[in-house]
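Worksheet: the structure to be examined is printed underneath.
The values are calculated or read from the model by the stated rules, or taken from the named source; none is laboratory data. Note that the structure is predicted; figures quoted are calculated from it, not measured. All Cβ positions, even for glycine, are placed from backbone atoms using ideal geometry, and neighbour counts span all protein chains on display.
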Amino acid sequence: MEKANDFLVIKAQENGVNVIGLTRGKDTRFHHSEKLDKGEVMFAQFTEHTSAVKVRGKAEIHTPYGVIYSEKPET
Ligand code: TRP
């Protein structure tokens, strides 16, 4: 694997967490949205096509820099 550290592990802590991939390059737009239910885990890499990931909802996000907890957005 070229960049073994270039990945995230996202574990949903509630139903309906969205993991959104944003495009690399000139324009930055959503290209993929994955919905996770509580307890589901997604492994995601940064790739030629994906330069950023947005997580919406309560989740545990494991990164090469440590663990970050996202929160439920205010309604
Ligand atoms: N087709 C996308 C890509 O190769 C799949 C993908 C990779 C993705 N990492 C992601 C989608 C992170 C959402 C979030 O770039």
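Evaluate the following for residue 11: is it at pLDDT 95 or above and in contact with a Gly (Cβ under 8 Å, 6 or more places away or on another chain)? In short, yes. Residue count for region 15-33 under the criterion of being surrounded by 14 or more Cβ atoms within 10 Å (Cβ to Cβ) and either closer than 16 Å to residue 58 by Cα or touching a helix residue (DSSP H, G or I) at 6+ places or on another chain (Cβ under 9 Å) (or both): the result is 4. With respect to the conditions (1) within 13 Å of the ligand (Cβ to nearest atom); (2) more than 12 Å from the chain's Cα centre (by Cα); (3) of a type in the set (S, T, N, Q); (4) surrounded by fewer than 14 Cβ atoms within 10 Å (Cβ to Cβ), residue 75 falls short on a single one, namely (1).
Here is a yes/no grid of residues against (1) within 12 Å of the ligand (Cβ to nearest atom); (2) closer than 20 Å to residue 73 by Cβ; (3) not acidic (Asp, Glu):
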{"residue": "9", "(1), (2), (3)": "yes, no, yes"}
{"residue": "12", "(1), (2), (3)": "no, yes, yes"}
{"residue": "16", "(1), (2), (3)": "no, yes, yes"}
{"residue": "24", "(1), (2), (3)": "yes, no, yes"}
{"residue": "35", "(1), (2), (3)": "yes, yes, yes"}
{"residue": "42", "(1), (2), (3)": "yes, yes, yes"}
{"residue": "47", "(1), (2), (3)": "yes, no, yes"}
{"residue": "52", "(1), (2), (3)": "yes, yes, yes"}
{"residue": "58", "(1), (2), (3)": "no, yes, yes"}
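Is it the case, given these coordinates, that residue 51 is surrounded by 13 or more Cβ atoms within 10 Å (Cβ to Cβ), farther than 15 Å from residue 7 by Cβ and not charged (D, E, K, R)? Spelling it out, it is not the case that residue 51 is surrounded by 13 or more Cβ atoms within 10 Å (Cβ to Cβ), farther than 15 Å from residue 7 by Cβ and not charged (D, E, K, R).
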